[in-house]
């Protein structure tokens, strides 16, 4: 173990792999020193495990109805109670983590690379390329997120896939802005001039030299935005435009529970609680990542 | 044959003209210096020669070939540049090895890292620096990496933009000795931009004195050693630098 640590922290690595492993290890160490970030990481890991092993964790089927046992309060049989169709809420929350995770990951996978590439191209070339691309970005940016998503879902029809597309379309402009701002800070740096003088093509410069410097702020921003994405997805679900019944989407579950909120509080509260915990988890993790990925901290830790 | 021919070179940033009708010739194998105060346009000339600035008129010839500002041929294998600030000229997320291999990769040169090892030796860096990141090295070490990077493609001409002014005095001497040695070993032509006359007398054969975008005088090292300048401004610069050293 100590050999391993020594290898990782060596100040004269003998291979590219060791150099990058060493950097990753240093980041991991500084993440460990941040209790909030670790809390966030644990929540996210629990979410992932819950989604992966949902059939093993959930005691009941998420969609199986049992009308004899409807609207039961939390008990040892039903940890979070049952809803108006007698479905076990705990099982539904566990299965709902799959939907939440899927929405978050797909939105991030669609919008972050799109925003990154558009922002980097715009910032690197400047001039009319920048004007046109940022004009388009501004148009998208000027529309309220949820309203825009609503319009898309209205046009494409309700459903979880369309909700994902709609959220992704509204999420990328912010990333394009960040990537552009980052690119502007070093497009005239001497290391970019140096690589130009070596005869590199603009595509090569953007992919190999500009994008790696934008990714850390992008990772932070995406992680922080995950909470917002979850809330937007839940909002769409609540309005009946996201996941359709009987899918156990958390937002849709709250919407159903609204009718009983005064007498059977647990129906709406339990999924709401899940949304809050997961959103907080992503926020904490994002905050911690910002501290360790900040290029200004590079080499100081 | 001459390495660089500048003929009536004019450079303007938007509407402000920075260089007025500069003409000079640098012979192959020669070490030539451009000196002058900051703002005199010496770095601007360097940028025009290497292609980082295309807003010029007049004529630039490299090894007899005319350079067309609108349709630049790739001159990366002929001429390379070393920048002033070793903290800003290396990519912060790339190891020394990646930085040095990149020019080879761009030009599709197959190489198993032999050239990287060779260049690290040539610039006097131990092999244990090969996989370090820039933030794990000192300014002098970084500048050695920058010099190694400039020499990866075996250029004949090296443009040096105040290569030592951002370094400590003791490290400056090391880098200057290294540059002198490399020039001898690899038959390089130097075009050096500096405001430091002792550096010129150490490293260069001839110098051009610039004032407000004009070349006021071209002198030899002997003239510099004796302080025999014809132009009043050159004299002034010479005495200012003498004074600096007494102080």
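The values are calculated or read from the model by the stated rules, or taken from the named source; none is laboratory data. Everything numeric here is computed off the predicted structure, so don't read it as measured data. Every residue, glycine among them, receives a Cβ derived from its backbone with ideal geometry; neighbour counts consider all protein chains shown.
Do we find a residue being under 22 Å from residue A:213 (Cβ atoms) and either out of contact with any helix residue (DSSP H, G or I) (no Cβ under 9 Å at 6 or more places or on another chain) or more than 12 Å from chain A (Cβ to nearest Cβ) (or both) anywhere in the stretch B:63-76? There is no residue in the stretch B:63-76 that is under 22 Å from residue A:213 (Cβ atoms) and either out of contact with any helix residue (DSSP H, G or I) (no Cβ under 9 Å at 6 or more places or on another chain) or more than 12 Å from chain A (Cβ to nearest Cβ) (or both). Scanning the stretch B:117-144 for residues that are more than 21 Å from residue B:162 (Cα to Cα), surrounded by fewer than 17 Cβ atoms within 10 Å (Cβ to Cβ) and more than 11 Å from every other protein chain (Cβ to nearest Cβ) returns B:117, B:118, B:121.
All conditions but one from (1) touching a helix residue (DSSP H, G or I) at 6+ places or on another chain (Cβ under 6 Å); (2) touching a residue at least 24 places away in the same chain (Cβ under 8 Å) apply to residue A:79; the one that does not is (2). The single condition from (1) within 14 Å of another protein chain (Cβ to nearest Cβ); (2) at pLDDT below 90 that residue B:81 fails is (2).
Conditions (1) modelled with pLDDT under 90; (2) touching a helix residue (DSSP H, G or I) at 6+ places or on another chain (Cβ under 7 Å); (3) surrounded by fewer than 23 Cβ atoms within 10 Å (Cβ to Cβ); (4) within 14 Å of chain A (Cβ to nearest Cβ), marked per residue:
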| residue | (1), (2), (3), (4) |
| --- | --- |
| B:155 | no, no, yes, yes |
| B:172 | no, no, yes, no |
| B:179 | no, yes, no, no |
| B:183 | no, no, yes, no |
| B:190 | no, yes, no, no |
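What about residue B:47, is it within 14 Å of another protein chain (Cβ to nearest Cβ) and not in a loop (DSSP other than H, G, I, E, B)? Against the criterion (within 14 Å of another protein chain (Cβ to nearest Cβ) and not in a loop (DSSP other than H, G, I, E, B)), residue B:47 qualifies. Scan the stretch A:153-188 for residues that are within 14 Å of chain B (Cβ to nearest Cβ) and surrounded by fewer than 19 Cβ atoms within 10 Å (Cβ to Cβ) and the total you get is 3.
Contact map, the stretch A:278-301: first residue away from chain B (no Cβ under 14 Å) and closer than 16 Å to residue A:36 by Cβ, second residue modelled with pLDDT of 80 or more and in a loop (DSSP other than H, G, I, E, B), Cβ cut-off under 6 Å, separation 6 or more or different chains; pairs are A:288/A:34. Within the stretch B:94-112, the set of residues being surrounded by fewer than 19 Cβ atoms within 10 Å (Cβ to Cβ), at the interface with chain A (Cβ under 10 Å from one of its Cβ atoms) and assigned to a loop (DSSP other than H, G, I, E, B) comprises B:107 only. Answer with yes or no whether residue A:164 is under 15 Å from residue A:104 (Cα atoms) and part of a helix (DSSP H, G or I). So residue A:164 passes the test. Residue count for the stretch A:5-63, restricted to those that are more than 14 Å from chain B (Cβ to nearest Cβ) and either free of Cβ contacts under 8 Å to residues at least 12 places away in the same chain or in a helix (DSSP H, G or I) (or both): 31.
The rows are residues; the columns are (1) within 19 Å of residue A:112 (Cα to Cα); (2) more than 14 Å from chain B (Cβ to nearest Cβ); (3) over 14 Å from the mean Cα position of the chain (by Cα).
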| position | (1), (2), (3) |
| --- | --- |
| A:202 | no, no, yes |
| A:209 | yes, no, yes |
| A:218 | yes, no, no |
| A:224 | yes, yes, no |
| A:229 | yes, yes, no |
| A:236 | no, yes, yes |
